[in-house]
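To keep things clear, I will list the structure first and then write my remarks on it.
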Amino acid sequence: MRIGYFLSETVTNLRRNFLMTIAAISTVAISLLLLGGVQILGLIVNNVTLNWEAKVEVSAFLADNITEGEESALREDLTGFKEVESVTYVTKDEAFDEYKEIYRTRPELWENLPADALPASFRIKLFDADDAEEVAARIEGAPGVDDVRFGGEIIKRLLQVNSLLRTITFVMSLVLMIAAAALIANAIRLAIYARREEIGIMKLVGATNWFIRIPFMLEGIFAALVGAVVSGVIVVGGNTLLFSRMADAFPFLGPVFSFTTGEIVGVLAILTGVAALVGLVGSTLALRRFLEV
Amino acid sequence: MIKLTDVEKEYKGGIRALDGFSIDIEKGEFVFIVGPSGSGKSTLIKLLTKEEEPTAGEVYVAGKNLASLPRWRVPYLRRNVGCVFQDFKLLPNKTVFENVAFGLEVIGRPRAVIQRQVPQILELVGLGEKLDRFPDELSGGEQQRVSVARAFVNRPLILVADEPTGNLDPATSVGIMRLLDRINRTGTTIVMATHDHAIVDSMRRRVVELENGMVVRDQSRGIYGVGT
């Protein structure tokens, strides 16, 4: 009977302040959408990093006058490093073929070059891309090694840009979240104001404060959770409509835009949890002062 | 049942409503609190339900020292102290039945109890036929009866009334007083603040007269008094 009472009171309150409730719900939805966006962005960055890290290689370009002894010594050294997964030798001819392949639409770049224009190299695959700098430094200047290159810089840049983007979006969603809590507090304050007479009588006849409070708290949490559902639908829908299609259309993006169900559920769980918190904070703010006497 | 000792009450801004007030009310008594406006009658009523707290002195209600009653226990105190006001304080969008039932619902009484007790009490106050009316369809006297019914439906030990006849004509007032008298005969202690000479004089109950927050007269079977 009590539960029935609380539920019907909650529904009545929500109806009486329909517009305010809608405002609160949409603010929650928008701010959660931003938060959801941040989470999805995080997943994308994660995928990108995993994907690119797998491709990070250190290339050691060999001097033309390298002796056979130097070459085999270097190969032995490299295979001995614990960070190194595999070492591939690329001959001058193979390097030139690759070069021709990359610039196949611009023959003027290679037509007049001799076939041995490019240096031979060792391509060193690492277990962990983070070690690239360290390994490169170690073989830099070794006898017979002309130059050492690794692709780590680009990834570093990318990660920096992404983390900045995440911070900005996170701060924005935080601000919106506070606004959502304030709006919920305001909606509840209005509901209380509309019913101050009733509340006065409730206190007069000995209703406990919790009995008076609970319907208003449920109202706040309800508004926030509806907001969470709206943003959740958009996140899941956006994921299926947009990202899956992009992954289909551009297969090389596939690994970037494909998330496991577990990851999506995780994002939704975060949204719901944050929404419940926002609703609770909003209603507590509104109720803090009105029950004194 | 009610005991106040050397109670002082000073509101913000330095207004002294009660100034060394003491009273002792036994179970089952019917006490009129009389005196001019601003003599502290309403403040006294508010102290009994812990709507206000005294600046000094002690207030005991139903055996409990209200100063040491924690805030969360106050609702339970109020379930033992029914209240009736000059302006009835009924909910305009609820029927007579619902208004009385509301008082029971909010303290968590089961539906079956409500269905049984509310018609009973409305019968007692003479509104057995008007359960489905709304307050604005009733006369002032009838509305006050609903208000008394709500205060009493829970069978409180004490009923406090702040000028319950203040908005009613003399004939209607007599009806309300008969009702309060009947409730008093069931053993309920009644404390009633009033201005109404005729009522006090006809009832001949204990009269406590206040002036400037002090008791100037305490008389069993008294009258309103002269000169006020």
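Please count how many residues of region A:86-103 are over 35 Å from the mean Cα position of the chain (by Cα) and of a type in the set (A, V, I, L, M).
2
Residue pairs, Cβ under 8 Å, 6 or more apart or interchain, first in region A:171-194 and aromatic (F, W, Y), second assigned to a helix (DSSP H, G or I). List them.
Taking only residues 6 or more apart or on different chains, not a single pair turns up.
Anything in region A:185-211 that is more than 14 Å from chain B (Cβ to nearest Cβ) and either out of contact with any Gly (no Cβ under 9 Å at 6 or more places or on another chain) or modelled with pLDDT of 80 or more (or both)? List them, or say none.
Hits for region A:185-211 are A:A185, A:N186, A:R189, A:L190, A:A191, A:I192, A:Y193.
With the requirement that a residue be buried (at least 20 other Cβ atoms within 10 Å of the Cβ), hydroxyl-bearing (S, T, Y) and under 20 Å from A:F170 (Cα atoms), what does region A:1-38 give you?
A:T27, A:S31
Within region A:179-263, which helices (runs of 4 or more DSSP H) (wholly inside it) include 1 or more residues that are within 26 Å of the chain's Cα centre (by Cα), β-branched (V, I, T) and over 21 Å from B:P92 (Cα atoms)?
In region A:179-263, the matching helices (runs of 4 or more DSSP H) lie at A:209-238, A:254-257.
I need the strands (runs of 3 or more DSSP E) fully contained in region B:157-228, keeping only those with at least 3 residues that are over 26 Å from A:V205 (Cβ atoms) and in contact (Cβ under 8 Å) with a residue 60 or more places away in the chain.
Once the strands (runs of 3 or more DSSP E) in region B:157-228 are filtered for at least 3 residues that are over 26 Å from A:V205 (Cβ atoms) and in contact (Cβ under 8 Å) with a residue 60 or more places away in the chain, what remains is B:206-211, B:214-219.
Has region A:229-245 got any residue that is of a type in the set (F, W, Y), out of contact with any Asp or Glu (no Cβ under 7 Å at 6 or more places or on another chain) and at pLDDT below 80?
Yes - at least one qualifying residue is present in region A:229-245.
Run down A:L158, A:L118, A:L164, A:L113 and say which single residue is of a type outside the set (S, T, Y), under 21 Å from the mean Cα position of the chain (by Cα) and surrounded by 12 or more Cβ atoms within 10 Å (Cβ to Cβ).
A:L158
What do you reckon, is A:A60 in contact (Cβ under 8 Å) with a residue 24 or more places away in the chain, touching a strand residue (DSSP E or B) at 6+ places or on another chain (Cβ under 7 Å) and crowded, with 17+ Cβ neighbours inside 10 Å?
Answer is yes for this residue.
Output yes when any residue across region A:200-207 is closer than 22 Å to A:G282 by Cα, touching a helix residue (DSSP H, G or I) at 6+ places or on another chain (Cβ under 9 Å) and among the β-branched types (V, I, T), and no when none is.
No.
Quick check: is even one residue across region B:142-149 more than 15 Å from the chain's Cα centre (by Cα), surrounded by 14 or more Cβ atoms within 10 Å (Cβ to Cβ), not in a loop (DSSP other than H, G, I, E, B) and not basic (K, R)?
yes
Name every residue in region B:108-141 that is surrounded by 14 or more Cβ atoms within 10 Å (Cβ to Cβ), basic (K, R) and more than 12 Å from every other protein chain (Cβ to nearest Cβ), in order of residue number.
If the condition is that a residue be surrounded by 14 or more Cβ atoms within 10 Å (Cβ to Cβ), basic (K, R) and more than 12 Å from every other protein chain (Cβ to nearest Cβ), then B:K130, B:R133 are the ones that fit.
Among the residues of region A:116-171, which ones are modelled with pLDDT of 80 or more and in a helix (DSSP H, G or I)?
A:E134, A:V135, A:A136, A:A137, A:R138, A:I139, A:L164, A:T167, A:I168, A:V171
Given the conditions (1) surrounded by fewer than 18 Cβ atoms within 10 Å (Cβ to Cβ); (2) in contact (Cβ under 8 Å) with a residue 60 or more places away in the chain; (3) in contact with a helix residue (DSSP H, G or I) (Cβ under 8 Å, 6 or more places away or on another chain), report the number of the one that A:E70 does not fulfil.
The number of the failed condition is (3).
Among the strands (runs of 3 or more DSSP E) contained in region B:1-97, which hold 3 or more residues that are at negative phi and more than 16 Å from the chain's Cα centre (by Cα)?
B:2-10, B:16-25, B:56-61
Between residues in region A:121-136 that are farther than 24 Å from A:E98 by Cβ and residues that are polar (S, T, N, Q) and at pLDDT 80 or above, which pairs lie under 9 Å by C-beta distance while being six or more apart or on different chains?
none
The values are calculated or read from the model by the stated rules, or taken from the named source; none is laboratory data. The structure presented is a predicted model; accordingly, all values stated were derived computationally and were not measured. Positions of Cβ are backbone-derived with ideal geometry, glycine not excepted, and every protein chain shown enters the neighbour counts.
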